[in-house]
Amino acid sequence: MDYDFIEIEKKWQAWWAEHKTYKAEPDTTKPKYYVLDMFPYPSGAGLHVGHPLGYIASDIFSRYKRLKGFNVLHPMGYDAFGLPAEQYAIQTGQHPEKTTHQNVARYREQLDRIGFSYDWDREFRTSDPDYYKWTQWAFLQMFGSWYDNGLQKARPIAELEAAFAEGGSAAVDAANNDAPVFTADEWTGFTEKEKADILMHYRIAYQGESTVNWCPALGTVLANDEVKDGYSERGGYPVFQKKMTQWQLRVSAYAGRLLEGLDRLDWTDSLKEMQRNWIGKSQGAEMVFKVTCDGKQHDVTIFTTRADTVFGVTFMVLAPESEWVEKLTSASQKEAVAAYLEQVKKKTERERIAGKAVTGVFSGSYALNPLTGAEVPVWISEYVLAGYGTGAIMAVPAHDSRDYAFAKKFDLPVIPLIEGADVSEDSFDAKEGVMMNSGFLDGLTVKEAIPAAIDYIEANGLGHRKVNYRIRDAIFSRQRYWGEPFPIYFKDGIATPLPTEELPLTLPEINEYKPTEAGEPPLARAKDWTYGGYPLETSTMPGFAGSSAYYLRYMDPHNDKALVSPEADGYWRNVDLYIGGTEHATGHLIYSRFWNKFLYDLGYVCEDEPFRKLINQGMIQGRSNFVYRIVNTNTFVSFGLKDRYETTEIHVDVNIVRNDRLDIEAFKRWRPEYEHAEFILEDGEYVCGWAIEKMSKSMYNVVNPDYVCNTYGADTLRLYEMFLGPIEQAKPWSTDGIDGVNRFLKRFWRLFWDRDTWLVTDGEPTRAELKTLHKLIGKEQEDIENFSYNTTVSAFMIALNELQGCSKRAVLEPLLILLSPFAPHIAEELWHQLGHEDSIVYAAFPEYRPEYTVDSSIKYPVSFNGKTRFFLEVPASATPAEVEAQVRSHGLTPKYVGDLSIAKMIVVPGRIVNVVLKK
RNA sequence: GCCCGAAUGGCGGAAUUGGUAGACGCGCUGGACUCAAAAUCCAGUGUCCCUUAAAGACGUGCCGGUUCGAGCCCGGCUUUGGGCACCA
């Protein structure tokens, strides 16, 4: 019998599906383990060879954990709402549902061919009404909640209303956006509308005005993580800053907990660091500057981390979007300021960042330095951001490079505050040195001066300590069609939640997917988009809405009473292993943690962090191949000879190149213009050039897994993707070397079959065979736990080399179990040929017996300190007496045996043995 | 500019974490089988000196240090990948 991977893979994929081999149900007799892949957005291009890398790794881990006796939950689904399907709908009129459906079907077909052990009964799409019902439900929970800063948790909004009735706005310490101040009596006297407006400032999902990223080309606002360098991440269109009223999620309220929680997670340091930077905690102080404008006085609060530098303040700056701008612009400067604001508004985000030109305008008002009493001018400049701190800063040009650049441009004074700092050319930003020109701070180091200054400020009522976070609330509205509708209607102008029994609020049919002529979102086109006669919200939720709690839904995907039942949540708890790319570091992985913490506060889930351990698989880049056409001819010259001619480099489809050798016949068929191409060969072959580039259609370097499955089989694909290198590392795809992995499987097969002869016998394994087997067991265990799959594959190849001709059942049976996570089809086939009726997934991982693997041996002699030492390797479990015996067995006389918990030396006359302990 | 990470043969990558660098695979060279090819199997394959071999010397981006011993630790660079970037 030959290794017919096509037949074998088809057969077992069908068998697994029919027997629901990978179905997972809560089982309290076993420990649970939840392995999750970041689910894909089903794009029109289908799955390419880079997608399955993480899926294969997680599948191997899942299968390994099952063999180790865990009850494994390993689901898969689709992040199905999103821009591409909608853009396609706008162009073609095809309903995004239809496009998505086709794409999902294709993804599923491709996934099925790779032999994943997903529990497909738990599959869903985020665009299924049964699913997005719970996205809408979660939104309503957020709408109906506020964040108590004292308790550091979300609470029902009714409790806030009760507190207001009791003690007015001062009664609570709640996260809010510029909520007004009022007494209990005032609260009771407010109209319904007034109350609703106030509560809106406290809700965790709220409607509020803020500066948003507006993308005119897409006709929608975007979240910060959807904007890269001033362009939309999807589509690459320019993004503008615009003040708009939008639904937002109060992620900022959770900043402290999102930061702290990182310490308890088993994620890579680089990813945690990215999140820390994104959250951006900084400690400092808020202080009040008295500002006079046309004779009127105002208290303007600023935030600073350098309270020690107040003596060096020579001006103040407001953000152009700051609400202070209007109040602090003097009559005489009105025109100049208006002109400046107009100019700023026109710029894209990109231009603001990239230009870095120093711009600004004098407001006409003056502030008093609270420590020195000096009068300083107030300026307006775009280098101050409205969204961070208070939107107003005190400027210390001597010790802040941005302030310095501004001072130089507008000729403002610079007062150095640190001894020896030369500020004639540049500011001195470092937080080191000894203070001067700073009154009571003189002589202190910067590190001492910062707290001393804040203490003084607090003691004199000028301000207080304050922690600021960079992270902003997430913009949650999208002016698009293909997303979850908001379950909100506007009753007399009051945003009102739909009753939960009305959920899901399904997407209405519309005839066109564009915004309306009036610039309203596409849902405004829907007929009768109302509830109880009141208009429904017309924007939809962003892509991250559906992906924020999907891991919870997998635990209980068919429940129509709850997002997840307490029983299912209590059993599966959270994701033990999450595998996906780093590109979600500041998007999905922040939103999900926020979403989960919110549900945790309300008691719907039992764990406050969703993803315990996270592995980032590296991107698979494309490896492009080139042919070289001699200029003005149809002749192609092989890579090694191309320098003798003047040539043009042309991308060639990598699917007709093997090991950098061009399949000339396929090339001729590839394009009509190459049908009669001529070739100048090297040693009878055409060698192609190559380069590492992003995998893309236009570079003809996209490798489809179907191709590999057809040519080599899924098991080869799985082994090869793992063999390519460490999972976290970005690496180029190439089919070089895939033959080696395929050869391994064919040789493995031949341990069982020599053509049509069944080779398996019942003989007793030799000591050497047991050593090979147990070395592999130990290695595989260790490697899988460390996600070092490439070395496991190597270990298999070594074991196979050592086991040539060994067809003993007692060796082959455990070997199959070891192989099954990596190459499940061939393992399952041979497992059944050995006479087993049940799937190999029900087998137990073989027990590792270290005593078979380590023999003590003298490694090599080394001379130092005038003595010769020998390195002796012994098992870590060895006692001193055993070590002594070992030393004697090598003809050496031990003089001293040290503590064996660490490597120690055994001294012999003139010679020392260094004992190296082996685990 | 700031913060992480990486650098090892012709290539992908190993190296028990301070102990014989280059496992395993690819590629390449030679051989066996074959009329031939494919497939398969066997042997060789870091560099230099050399007809070859033995032996030797050199060798983990560069310079220096610690150590009996450094790919691994320390100091200073170079190149490169990624993230953040007016965050006061």
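The values are calculated or read from the model by the stated rules, or taken from the named source; none is laboratory data. All values reported here derive from a predicted model rather than from experimental measurement. Glycine gets a Cβ as well: all are built from the backbone with ideal geometry, and neighbour counts include every protein chain shown. Remember, those area values only see protein heavy atoms, side chains included, never the ligands or the DNA or RNA. Shrake-Rupley method; radii C 1.70, N 1.55, O 1.52, S 1.80 Å.
Run down A:T586, A:T633 and say which single residue is open to solvent by 40 Å² or more (accessible area, probe 1.4 Å), of a type in the set (S, T, N, Q) and within 30 Å of A:M699 (Cα to Cα).
Numbers: A:T586 fails: open to solvent by 40 Å² or more (accessible area, probe 1.4 Å).
Going through A:T586, A:T633 in turn, just one is open to solvent by 40 Å² or more (accessible area, probe 1.4 Å), of a type in the set (S, T, N, Q) and within 30 Å of A:M699 (Cα to Cα): A:T633.
Of A:P542, A:P535, A:P515, which residue is at pLDDT below 95 and either surrounded by fewer than 20 Cβ atoms within 10 Å (Cβ to Cβ) or within 27 Å of the chain's Cα centre (by Cα) (or both)? Even if it seems obvious, please write down each step before you answer.
Details: A:P535 fails: at pLDDT below 95; A:P515 fails: either surrounded by fewer than 20 Cβ atoms within 10 Å (Cβ to Cβ) or within 27 Å of the chain's Cα centre (by Cα) (or both).
Of A:P542, A:P535, A:P515, the one residue that is at pLDDT below 95 and either surrounded by fewer than 20 Cβ atoms within 10 Å (Cβ to Cβ) or within 27 Å of the chain's Cα centre (by Cα) (or both) is A:P542.
Does any residue of the stretch A:208-230 turn out to be out of contact with any Gly (no Cβ under 8 Å at 6 or more places or on another chain), farther than 25 Å from A:H584 by Cβ, modelled with pLDDT under 95 and open to solvent by 30 Å² or more (accessible area, probe 1.4 Å)?
yes
Considering every residue within the stretch A:639-647, establish whether at least one is in a loop (DSSP other than H, G, I, E, B) and either at pLDDT below 85 or open to solvent by 40 Å² or more (accessible area, probe 1.4 Å) (or both). Give the derivation first.
Taking the stretch A:639-647 and keeping what is in a loop (DSSP other than H, G, I, E, B), we get A:645-646.
Then keep just the ones that are either at pLDDT below 85 or open to solvent by 40 Å² or more (accessible area, probe 1.4 Å) (or both); that gives A:645-646.
Within the stretch A:639-647, one or more residues are in a loop (DSSP other than H, G, I, E, B) and either at pLDDT below 85 or open to solvent by 40 Å² or more (accessible area, probe 1.4 Å) (or both).
State which residue pairs qualify: first residue at positive phi and without any contact (Cβ under 8 Å) to a residue 60 or more places away in the chain and inside the stretch A:714-731, second residue assigned to a helix (DSSP H, G or I) and surrounded by 24 or more Cβ atoms within 10 Å (Cβ to Cβ) in any location, beta carbons under 6 Å apart, and separation of 6 or more residues or different chains.
Hits for this filter: zero, empty list.
Are any residues in the stretch A:255-269 within 15 Å of RNA strand B (Cβ to nearest atom), surrounded by fewer than 19 Cβ atoms within 10 Å (Cβ to Cβ) and either without any contact (Cβ under 8 Å) to a residue 12 or more places away in the chain or among the hydrophobic types (A, V, I, L, M, F, W, C) (or both), and if so, which ones?
A:L259, A:L262, A:D269
Can you report the number of residues in the stretch A:495-534 which are free of Cβ contacts under 8 Å to residues at least 24 places away in the same chain and of a type in the set (A, V, I, L, M, F, W, C)?
Of the residues in the stretch A:495-534, 4 are free of Cβ contacts under 8 Å to residues at least 24 places away in the same chain and of a type in the set (A, V, I, L, M, F, W, C).
Which of (1) in contact with a Pro (Cβ under 9 Å, 6 or more places away or on another chain); (2) more than 14 Å from RNA strand B (Cβ to nearest atom) is the odd one out, the single condition A:G463 does not satisfy?
That leaves (2) as the condition not met.
List every residue pair whose Cβ atoms lie under 6 Å apart, where the two residues are 6 or more positions apart in sequence or sit on different chains, the first residue falls within the stretch A:223-240 and is in contact (Cβ under 8 Å) with a residue 12 or more places away in the chain and outside any strand (DSSP E or B), and the second residue, located anywhere, is away from RNA strand B (no atom under 12 Å from the Cβ) and not hydrophobic (A, V, I, L, M, F, W, C).
So the pair list comes out as A:G230/A:T348; A:V239/A:S232.
Does the stretch A:711-729 include one or more residues that are away from RNA strand B (no atom under 16 Å from the Cβ) and open to solvent by 30 Å² or more (accessible area, probe 1.4 Å)? Outline the logic, then answer.
Let us first name the residues in the stretch A:711-729 that are away from RNA strand B (no atom under 16 Å from the Cβ), namely A:714.
Next, only the ones that are open to solvent by 30 Å² or more (accessible area, probe 1.4 Å) stay: none.
There is no residue in the stretch A:711-729 that is away from RNA strand B (no atom under 16 Å from the Cβ) and open to solvent by 30 Å² or more (accessible area, probe 1.4 Å).
If we keep just the residues of the stretch A:2-37 that are assigned to a helix (DSSP H, G or I) and of a type in the set (D, E, K, R), which is most open to solvent (accessible area, probe 1.4 Å)?
Let us first name the residues in the stretch A:2-37 that are assigned to a helix (DSSP H, G or I), namely A:5-19.
Next, only the ones that are of a type in the set (D, E, K, R) stay: A:7, A:9-11, A:18.
Details: A:E7: 95, A:E9: 10, A:K10: 123, A:K11: 105, A:E18: 142 Å².
Looking at residues that are assigned to a helix (DSSP H, G or I) and of a type in the set (D, E, K, R), I get A:E18.
Being aliphatic (A, V, I, L, M), out of contact with any Lys or Arg (no Cβ under 7 Å at 6 or more places or on another chain) and assigned to a helix (DSSP H, G or I) is the requirement here; does A:L507 meet it?
Values: aliphatic (A, V, I, L, M): yes; out of contact with any Lys or Arg (no Cβ under 7 Å at 6 or more places or on another chain): yes; assigned to a helix (DSSP H, G or I): no.
So A:L507 does not fit the description; no.
Restricted to the stretch A:270-295, and to residues that are open to solvent by 10 Å² or more (accessible area, probe 1.4 Å) and β-branched (V, I, T), which residue is nearest to A:H464 (Cα to Cα)?
Only one residue tops the list, namely A:V288.
Please go through the stretch A:390-413 and give me each residue that is within 12 Å of A:T309 (Cα to Cα) and assigned to a loop (DSSP other than H, G, I, E, B), ordered by number. Even if it seems obvious, please write down each step before you answer.
Our first condition is that a residue be within 12 Å of A:T309 (Cα to Cα); within the stretch A:390-413, this holds for A:394-400.
A:V396, A:D400, listed by residue number.
Has the stretch A:782-791 got any residue that is of a type in the set (S, T, N, Q) and in contact with a Leu (Cβ under 9 Å, 6 or more places away or on another chain)?
Yes, that holds for at least one residue.
Tell me yes or no: at least one residue of the stretch A:466-483 is farther than 29 Å from A:W278 by Cβ and open to solvent by 30 Å² or more (accessible area, probe 1.4 Å).
no
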